[in-house]
1. Based on alpha-carbon centroids, what's the gap between segment 194-220 and segment 289-319 in Å, whole number please?
2. Evaluate segment 125-197: find the radius of gyration of its Cα atoms, find its Kirkwood radius, and give the ratio Rg to Rh.
3. Note down the nm distance, to one decimal, between modelled labels 7 Å out along Cα→Cβ at Glu145 and at Arg111.
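Derivation of every value follows stated rules applied to the coordinates shown; laboratory data play no part. Keep in mind the model is a prediction, meaning the values are calculated, not measured. Here Cβ is always computed from backbone atoms with ideal geometry, including for glycine, and neighbour counts include all displayed protein chains.
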Amino acid sequence: MLPRSHRSGSEGTGAGGPAVVVVGDGDGDDDGDATADDHHRRTERRPAGAPAPGQRAGRPGALDGGRGADLRPALGRHGVRGVLRDEVARPARTVNATLDRLEASGIRQRRFIADASHELRSPISVLRTQLEAALAVRDPELWPELIGGALEDVERLQHLAADLLLLARIDAAQPVPVRPLDLTDLVRETVAARVGDRVAVRTDRAPGARVAGDELWLTRIVTNLLDNAQRFADRRVEVVLRTEAEHPGPGTAALEVFDDGPGIHDAERERVFERFSRLDDSRSRDHGGAGLGLAIARDLAAHHGGRVTADPAPHGAHLTVRLPAAPA
């Protein structure tokens with residue numbers, strides 16, 4: 001028989017049970033008499049995996065909650081290094097996403113400044129030419145025509161400056177002052193207030209269409225869509241206001257503007273909402289458009305939780321504004 005000092009420490013135990021550690025002097029004497037070296041011939045029981053006598057246990061750390069447990073199996077194959085790598089990578093991804101947004105914002109701002117400068121330079125140049133011509137002409141009968149043209153360019157500059165200021169407010173993400181509004185009444189009043197339209201506007205308004213928003217900005221959305229239709233319509237401009245039920249929820253108010261003009265091709269339905277975008281550059285300039293009306297309408301609708309789309313139509317253009325309906 002082997003001395004007890006050579007026996008397996010797991011003898012007499014099942015899987016996962018406590019290990020029995022037998023320490024002897026190797027002489028085969030098993031009389032059990034106590035000697036001075038009795039501590040070398042004692043049997044200890046300890047849980048499997050616990051440090052042996054004289055072996056220093058691992059120092060409890062922050063990762064194990066102060067209990068001294070080995071968390072390496074729970075941390076996975078990469079252990080602590082994997083956890084640290086994840087902790088470093090997460091804020092790095094956040095910083096990179098923030099830098100990407102800042103870069104995109106800077107590119108958009110530089111493009112906007114360049115386009116705005118171009119739009120301002122053209123009417124200013126024309127205005128200066130007209131004023132110089134008025135100074136050079138000595139015939140008083142020609143002055144009204146020259147001055148009238150200069151006033152038209154001044155008005156165009158005023159509208160463009162107002163649009164640029166509005167876009168600056170939109171980009172600043174200023175909060176929208178919200179209050180319940182009757183969109184049916186707002187559309188009726190906006191259409192009635194228009195004077196000098198080239199094409200009469202027909203309306204079909206559903207009663208009781210209520211939304212929450214800013215009256216001035218919502219009026220601007222309707223005005224911009226009607227201005228766009230008036231520029232290109234032949235004989236027909238129609239406004240349809242309806243409500244779309246949604247369950248659950250209060251539903252949606254949909255404002256549609258139709259015209260019988262040249263329409264919008266499928267490939268250009270998104271481009272028409274870009275700032276300073278013109279599908280027909282020369283024609284838009286002749287009609288006084290700077291390519292901002294539909295872009296402003298979409299941005300204002302987005303601030304109200306809605307959207308503006310260019311929908312397919314068999315003839316002409318079909319623009320739709322959808323806004324969240326307010327509870328009755």
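1. When both Cα centres are located, 14 Å separates them.
2. 1.22
3. 4.2 nm
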